[in-house]
Each structure stands twice: as C-alpha cells, then as structure tokens.
Amino acid sequence: MAVVTRDSDSSGTAGGASRPPAASRLLASMAGLDWLARIWWTCLSISLFAGLWELCWAMGWADEKLLPPPHIFLDNIGEQGRYFNTATRWQVGQSMAEGPSAFESVLITGAATTARVFVGLIIASVLAIGVGVLIRYYRFFDRLVLPTITLLSPVSPIAWLPVAIFLFGIGNAPAIFMVVVALFFHMVLATINQIDTVNTNLINVARTMGASKAQIYTRVIVPAILPGMLQVLRMNLFGAWMVVLVAESTGVGYGMGQVIMLARNTFNPSLVFFTIAVIGVLGFTFDWLLRLAQRRILYWLPDTVERLRVL
Amino acid sequence: MSSEDAPHFSSKDAVVCRGVGKTWAAGTRRAHNALTGIDLDVAPGEFVVFLGPSGCGKSTLLYLIAGLEDATEGKLWSFGDLVDMPSPERSLIFQETSLFPWLTVWENVSFGLSIRGASKEERRTVAAEALQRVGLKAAMDKRPDELSGGMRQRVAVARALAMRPKVLLMDEPFAALDVQTRARMQDFLLDVWRDSGASVLFVTHHIDEAVALADRVVVFTSRPGRIKTIVPIDMPRPRNLFSREAEDLRIRLTDLLRDEVDRAFAEQEALAATA
Ligand SMILES: Nc1ncnc2c1ncn2[C@@H]1O[C@H](COP(=O)(O)OP(=O)(O)O)[C@@H](O)[C@H]1O
Ligand SMILES: [Mg+2]
C-alpha cells in the first residue's frame, strides 16, 4: 500500500506546482486509483495486440490453421487443457479421458514449471551472491575462481543441456540445473560489480567505528548491494523462463516445455499459442510478484519511474 | 628506530603531524603527490579549519588523521598514540550524507555500539541521548530518506558523538546545504563542539565558514598540498561576522587563497595542454 500512496503523492506535487492542463489533471485524479488504471492499461495493451491479430484473421491474411487467432485457441480450453495432462498420459493403462480435469492439468503443469523456475532462481541467487562476496573477500579466491567464471559466463545455457541430462537424467533436477547455470555466472559478475560500486563513505564510517572486515561485509556491503541484486534478479527472471522450457522439452515428466514439444510433434498450432499465452501470464505474474517484493524489502529506494514521468 | 618513534612533543596533543605526506597510487604510473611536509599540532578542544583550493589534499589529510589511509611520508600521533588504523576516538563526517539508508535514524546513530555487540536497550538509550544533543530525538524512528539534507547531517553528527570521539573530523559537511541552513548548522556545530570538548578539524573552501568557526585557519597551497600559513582567529564567540575585524580577516584569507587558486588553474591548463 505504501506504493500507492507514494505514487499519488508525487503525481500530486507534479501536477500541483502550477495550474496543469486538463489532460494531466485527469491523470492526477486517476492516480488515487493507480492500480485500477494500471490494470486498465494492461488490458488495453493486450486487447490491442489480440485485436490486430483478429483483424488479420478477419481480413483473411492469417491462416487459422497456422496462426489461429486468440478467439480460436482460447475457445476450446477444455480440449487444449487435456494435453497438459502429460503426467497421467504416460502411465500404462490410462486413457486420455482419465486423470485430472483439463483445468487442473493446466494448473499442475503451470505450477510444476513455475516451481522449477523459482527453485532455480533461489539457488542461483544464493550461490551467486555467496561466491561473488567470497571473491571480493578473499584475494586468493578471486584469483583462483574469477577467471573460470568469466570464461564460462558467455556460454549459452543451451550448451549446458547435454551436461544437465548426463548429470541428472530426467526429472526436476536437470531443469533446475539449467536455470541455475543460466543465471549463476552473470549473477556472480553482477554481484562483484555491485560490491565495487558500494559508496566508500559507508564503508569508511563502519571502519572508523571499529568494524571488522567480516562485519563490514555483513552489515554494510551485503545490505548495500541488495537493491542492485534484486534488479539483476528481475532482469534474469525471463531468461530463467526461457531456459526452463528448453530443459523441460527434452524429457522431464511434465511441464510447459513438454506441452510445447507435444504441440510441435502433433502439429497443433492452437495448442502452441495457448501454451504461449499461459507462459506469458505466468511470467508476467512472477515478475509482478518480484516487483512487489522488491518494493517491500527495499523500502528505502526512490521510485525512478516517477522522476522520468515529469519529463 | 625507537628514538624516531618516540614522540618528542606533549602526548596530550589531540593530533600531531610530523612531515606528513601522501602519494596516491605510489609506485605506479598514476602516482601523484597530493600532500607533502605537513607539520601540525592540534590542542585538545581546539577548532581548526583547513582552507584551500579544491584538490589540494585537505580530504587526504583528514583521511590520514582518521587512519583510513596510510601516510607515505612522516608520522601522525593522536593523544600520544601512533595513528596506524581507524579508531572510534576519531570520527569522520562527510560532505554527502553517509547514513545507512536501510537503517532507521536511531539504528544509524547506534551503529558503532551494535558493532561492539551492545544490547538493544543500551543502543536505544545512547541513540536517544545523542539525538537529543542534536535536537532530533523526535525523529528517532524515521528513515534517512524522510529527512532533509540538514537533518541528515545532524544525524551524522549525532552518530559521531555517540562514539564519544576526542577528535571530530569533518570534510566539508555543510557544502551541500543552502546558505541559510548552513549558517544555522554552524551555530549548531559550535554548540555541540562546546559541550563535547572534542577537537574539531573542519575542511571547507568557504572563507566565511572559516571566519565563523575557527580558532585557527590552516591555509593550504595548491597541489601538492603544503601548509602555506596558519592564521589564528582570537575573536570572542558568539562572533559578529559583520565587524571590522571579521571583514579584515576575510580580505586577508581571500588574498592568501587567490594566489593558490590561480596557481591551481594554471597547472590544470598546462595539464590539459599536454594531454
Ligand atoms: N582515493 C584516491 N585515490 C587516488 N587519488 C586520490 C584519492 N583521493 C584523492 N585523490 C587525489 O588526491 C588529490 C587531493 O585530493 P583531495 O584530498 O580530495 O583534495 P581536496 O579535499 O582538498 O579537494 C587530488 O588530486 C585527488 O585526485
Ligand atoms: Mg575534499
């Protein structure tokens, strides 16, 4: 809720400085209903995109067999959802009709993929921040480890796929491993960069107060780099979503990637687009939750967007 | 060795510098001499202002006295002890706010105590006392970003006072404040200084500020910084800054500085030409 008040405050002052034109007055009055406005713009943005697609279909430019518009691939959710039930489909003696309902299947599959992304993100962040801090803390660790990390960080996560399968076979582990590998190296380098840009005055204050090296790291450096790290995490979130699909498509029991592969193999464009829509919604929600967490945890950060808005 | 280490001066002096100098990045191609040959004694409870063109090494000297950096020439002592690392007895206050943004005001003020593992009650009591002295007890539970620039610097002073320092090192602490706020902060600082009994070493490039505050003004030459002259000010406090005496002082200090600023400019132009 702090978010809403802050937003309305700053738009209030921005608009209140001199007599604002009608349009910005209208915007300012809407600021109180900020979250509503945001939902409205989101819906409008998506509707515009879907509308263009529908238009292409209506004009006959988009073949509905190849590029089925939203009203077609969303129409038979029951039908599409059934394909998500990949877990039970593979069990011997079970027909497509048995097992969880279509809606449940979508939920289960979505949750499984989301959980892999989430677990991967947590492991990657903890490892990366830990290693990054150790690299700056111990000179010899820096010299020993940093070259390898720098060497490996430009490698595409796809190249790690065989390794994931060799090491972990089939299941959750390779998918999580892929997410971790995709994020870890960049996040280590980002952590180091964050540590190097911590305001030296803060460190010097702690030093004059008799803080030990360990205390300077735990009490000053780690809290100081947290905002930047959450930012890095958010930027890497979508990368994690992309990688998890690849990992799943190669042989995890069930998951969104698996459904995409199924759609590809059975030539089912409708299912492809439906899955893309589900992934989009999941990724969007995830990002939104992370942003919310960021504002809650990092209450001391100013809102940059607000500063740009007055331009 | 030992005869050289033994201080041949009163061990009661708050700060003693003998032949102190600093070359940054010594031994590399980017080495440059910021400060050289500084001899200075500061008495306990004395208010000393460092005045000089920017880049002449005033901050560098403060860092050396704080023990945050090692001198490359000479030695420093504080109350008879060789300065070789930072100490809570010598608190440093910076130009830009250096409060921890993730801590509340009282947690900032008691940061030094939490380093020593003091209990929460003790920390809160000490913080309340220190904030009382800077007139900000009511803001205890606020966060730094809720305060104005002047209030933040007062909190920084409170944080330094909470450590009961014997020497307060202040690096252009009021430079980022507007003129009216700065005048108030100077009065406030004089009050704090009087009842803390600490020595204050205060860096500024404002002549007015030097005249308002100092017992002695140390005027620096441009790079590498040396002490050009030391100007004692024996005007009684509270000072009338519009008096004839204050005006004469300002003129004298302006003259002393002008040469150095001119020299610094010429040097920079020469540097730009070769680059
Ligand atoms: N941490 C540092 N590393 C390298 N050079 C520095 C550092 N701090 C200051 N210097 C250099 O030392 C000289 C004096 O700087 P400083 O002490 O900050 O001057 P002042 O405070 O009088 O403006 C400048 O040339 C500056 O570039
Ligand atoms: Mg300076």
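The values are calculated or read from the model by the stated rules, or taken from the named source; none is laboratory data. None of these values were measured; they are calculated from a predicted model. FYI the Cβ positions are ideal-geometry reconstructions off the backbone, even for glycines, and counts take in every protein chain you see. When the accessible area is computed, the model is the full protein with side chains, heavy atoms only, and any ligands, DNA or RNA have been set aside. Shrake-Rupley method; radii C 1.70, N 1.55, O 1.52, S 1.80 Å.
Points worth noting:
- The contact between chain B and chain A removes approximately 2000 Å² from the accessible area (both sides summed; 1.4 Å probe; ligands, DNA and RNA excluded).
- D_trans [Stokes-Einstein, Kirkwood Rh over alpha-carbon pairs] for chain B, 10 °C, 1.306 mPa s, µm² s⁻¹: 80
- Drop in accessible area of at least 20 Å² in the complex versus isolated chain, residues of the stretch A:200-230, 1.4 Å probe: A:201, A:202, A:204, A:205, A:207, A:208, A:209, A:215, A:219, A:220, A:223
- Those trypsin sites (Lys or Arg not before Pro) in the stretch A:137-246 that DSSP places in a loop and that have at most 15 other beta carbons within 10 Å: none
- Translational diffusion of the stretch B:1-115, estimated by Stokes-Einstein from the Kirkwood radius over alpha carbon pairs at 37 °C in a medium of 0.692 mPa s, is 206 µm² per second.
- Label-to-label distance, nm, for residues given as residue A:139 and residue A:43 (7 Å Cα→Cβ offset): 6.3
- Measuring r between the beta carbons of residue A:267 and residue A:238 and using R0 = 25 Å, the FRET efficiency lands at 0.35.
- When you restrict to C-alpha pairs under 8 Å that are six or more residues apart and normalise by the size of chain B, the relative contact order lands at 24 percent.
- Just checking the listed ones, B:125, B:104, B:60: in the Gaussian network model of chain B with Cα springs under 10 Å, the one fluctuating most is B:125.
- Rolling a 1.4 Å probe over the heavy atoms of the protein chains gives the stretch A:184-239 an accessible area of 38 Å² per residue.
- Neighbour cut-off at most 15 other Cβ (10 Å), DSSP loop, trypsin sites (Lys or Arg not before Pro), the stretch B:141-214: B:142
- The angle between the Cα long axis of helix B:179-196 and the main principal axis of chain B comes to about 80°, on a 0 to 90 degree scale.
- Cα-based Rg / Dmax (Å) for the stretch B:105-201: 13.0, 40
- Prolate/oblate/rounded label for the protein assembly as shown (Cα gyration tensor, a/c 1.5): prolate
- Protein-only accessible surface order, largest first, of B:248, B:141 at 1.4 Å: B:141, B:248
- The sum of -39500 (n - 2.57) across all DSSP H runs of n ≥ 4, divided by the residue count of the protein assembly as shown, sets its helix-only mean residue ellipticity at 222 nm to -18500 deg cm²/dmol.
- Ranking of B:223, B:237 by solvent-accessible surface, largest first: B:223, B:237 (1.4 Å probe, protein heavy atoms only, all chains present).
- Among B:114, B:78, B:222, residue whose mean-square fluctuation peaks in a GNM of chain B (springs only between Cα atoms under 10 Å): B:114
- As a calculated quantity, the FRET efficiency between residue A:155 and residue B:178 at R0 = 45 Å, using C-beta atoms, amounts to about 0.25.
- Stretch in chain B that is longest and holds no chymotrypsin sites (Phe, Trp or Tyr not before Pro) that DSSP places in a loop and that have at most 12 other beta carbons within 10 Å: B:10-241
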